[in-house]
1. If you go through segment A:135-151, how many residues are at pLDDT 95 or above and either surrounded by fewer than 15 Cβ atoms within 10 Å (Cβ to Cβ) or basic (Lys, Arg) (or both)?
2. Could you name every one of the strands (runs of 3 or more DSSP E) located completely within segment B:116-193 that has at least 3 residues being more than 30 Å from A:Asp182 (Cβ to Cβ) and not basic (Lys, Arg)?
3. For A:Leu214, indicate whether it is at the interface with chain B (Cβ under 7 Å from one of its Cβ atoms) and at negative phi.
4. Return yes or no: is A:Glu23 among the charged types (D, E, K, R) and at pLDDT below 80?
5. For B:Asp198, which of the numbered conditions (1) free of Cβ contacts under 8 Å to residues at least 60 places away in the same chain; (2) farther than 21 Å from B:Ala117 by Cα; (3) assigned to a strand (DSSP E or B) fails to hold?
6. So if I check each of A:Arg51, A:Arg34, which one is modelled with pLDDT of 85 or more and over 27 Å from B:Lys185 (Cα atoms)?
7. Got at least one residue in segment B:175-195 being more than 16 Å from the chain's Cα centre (by Cα) and acidic (Asp, Glu)?
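The values are calculated or read from the model by the stated rules, or taken from the named source; none is laboratory data. Being a predicted model, the structure only gives us computed values, none of them experimental. Cβ coordinates were reconstructed from backbone atoms using ideal geometry, including for glycine residues, and neighbour counts include every protein chain displayed. Each accessible area value is taken on the protein alone, full model and side chains, heavy atoms only, with ligands, DNA and RNA left out. Shrake-Rupley method; radii C 1.70, N 1.55, O 1.52, S 1.80 Å.
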Protein chains: 2
Amino acid sequence: MQVAQQITNQILQKEFVKQLPSENELIEQYEVSRNTIRNAINVLASQGLIRRVQGSGYYINQHILRSTDLLMMGAKNGIKPEKFRKDSLKNDINSNSRVNSKVVHLDDTTAKGEVAAMLECDESTPIYYCERVRFLNGNLLCLEKAYYLKEFVPFLNEDICKKSIFDFIKKQYNIETESADDFIKLVTISKEDAKLVDKEAGAPAINIREINYLKNNRPFNCSSINYFDENLTFYYHLDTLISH
Amino acid sequence: MQVAQQITNQILQKEFVKQLPSENELIEQYEVSRNTIRNAINVLASQGLIRRVQGSGYYINQHILRSTDLLMMGAKNGIKPEKFRKDSLKNDINSNSRVNSKVVHLDDTTAKGEVAAMLECDESTPIYYCERVRFLNGNLLCLEKAYYLKEFVPFLNEDICKKSIFDFIKKQYNIETESADDFIKLVTISKEDAKLVDKEAGAPAINIREINYLKNNRPFNCSSINYFDENLTFYYHLDTLISH
């Protein structure tokens with residue numbers, strides 16, 4: 001993971017511009033095993049940051065570097081769009097996330113109905129429910145309603161929820177998202193939701209319903225997030241779409 | 001691919017309900033090699049239709065079967081949402097796609113600006129430009145503006161564009177999408193676009209900008225599609241999000 005992040009930084013800092021160095025050159029530069037380099041390359045390829053061109057190596061995906069305000073949906077560990085913002089690449093690569101949150105609700109409760117179905121648990125299973133308005137650089141980013149199984153995330157409080165919950169549970173409980181199901185819809189927001197984000201009822205939003213899974217494919221979190229900003233772009237890389 | 005499609009049909013027909021049979025049972029049932037079965041399983045897993053649970057096999061992703069009007073974005077070869085519509089699973093599994101199109105423009109032209117960048121070609125490279133209003137079961141689905149490199153798609157006409165272009169180029173030119181970059185945004189539509197789809201200017205839409213790649217990672221097509229229907233859900237499965 002560290003090597004993948006370091007290669008990413010070198011791409012963002014324009015040290016690698018068009019193409020990655022060869023596997024052997026990367027092994028030498030990072031002083032790690034071939035396996036470690038291959039894993040790092042696989043991570044970057046699965047996120048769409050680089051693409052293998054048969055017989056000629058790994059090329060940097062220029063569309064991604066050109067885009068501003070890109071949310072890399074394949075890099076789930078917290079929303080860190082500023083890492084991929086063209087206008088801030090030079091200065092902000094190592095800065096902390098500029099996303100912060102206003103916590104609307106934080107409940108220690110139980111799963112019900114659709115939430116129980118998404119989390120693949122019985123109704124009455126203990127969960128945390130957290131509703132937040134999130135801001136990016138002080139501007140409205142989204143309204144998020146998130147559910148966490150207490151079996152995997154035994155403790156949350158308001159202070160934690162003001163920052164990145166994913167960063168917290170990674171550090172505290174060693175939980176990382178291994179795979180995810182994302183369901184995207186065009187919606188118009190309800191009167192209640194509109195009040196929370198200072199919009200008119202019926203304002204359009206992109207709704208992303210996410211289910212996030214552990215390495216063993218157990219869901220530990222699901223959420224429903226409304227994004228309002230027309231400047232935001234959600235990026236998905238798709239691969240192995242057909243069999244060979 | 002055939003085996004993956006056959007397993008998919010068995011899932012949709014509820015012959016496999018919760019879990020897939022074991023690899024050995026599938027080998028016996030389909031009378032194919034272990035490799036063929038593994039490839040088929042990988043295709044279904046990469047599309048999110050099944051999930052591997054460590055030590056206990058492959059489980060069918062119930063969230064997908066429960067959802068209606070789901071566009072499986074990992075299954076790019078044509079838009080065939082009715083295959084995944086809950087209310088029509090029983091009758092329509094083997095029916096033809098009910099998507100048809102009204103062709104607004106079809107031009108034999110050259111790449112320019114952003115299109116040349118997305119297709120990774122020089123400006124003045126020969127392309128087809130096709131603009132269509134697409135309908136699903138007679139209801140407005142989307143407004144699509146698509147660009148095809150003539151190097152890979154040497155011929156298109158209006159009759160072809162009324163149906164699935166992807167189906168045509170697969171049959172005619174053996175072209176299939178191996179990987180794709182999808183960029184999703186909330187937009188409001190222009191006056192000109194609004195007229196074409198009988199909407200008010202400023203109506204909201206989900207815009208998906210796609211770049212589709214061949215097996216050797218050359219882009220052959222890009223498009224910008226506006227979807228208007230609040231009942232449509234776009235489904236993305238994400239995997240290998242972190243390294244191990």
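1. 3
2. B:126-136
3. Details: at the interface with chain B (Cβ under 7 Å from one of its Cβ atoms): no; at negative phi: yes.
Here the answer is no, as A:Leu214 does not meet what is asked.
4. no
5. In the conditions (1) free of Cβ contacts under 8 Å to residues at least 60 places away in the same chain; (2) farther than 21 Å from B:Ala117 by Cα; (3) assigned to a strand (DSSP E or B), B:Asp198 misses (3) alone.
6. Criteria check complete, one pass: A:Arg34.
7. Looking through segment B:175-195, at least one residue is more than 16 Å from the chain's Cα centre (by Cα) and acidic (Asp, Glu).
One line per residue, one yes/no per condition, for (1) open to solvent by 20 Å² or more (accessible area, probe 1.4 Å); (2) among the aromatic types (Phe, Trp, Tyr); (3) under 13 Å from A:Phe234 (Cα atoms); (4) free of Cβ contacts under 8 Å to residues at least 24 places away in the same chain:
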residue	(1), (2), (3), (4)
A:Leu26	no, no, no, yes
A:Arg34	yes, no, no, yes
A:Gly48	no, no, yes, no
A:Gln54	yes, no, no, yes
A:Ile64	no, no, yes, no
A:Gly74	no, no, yes, no
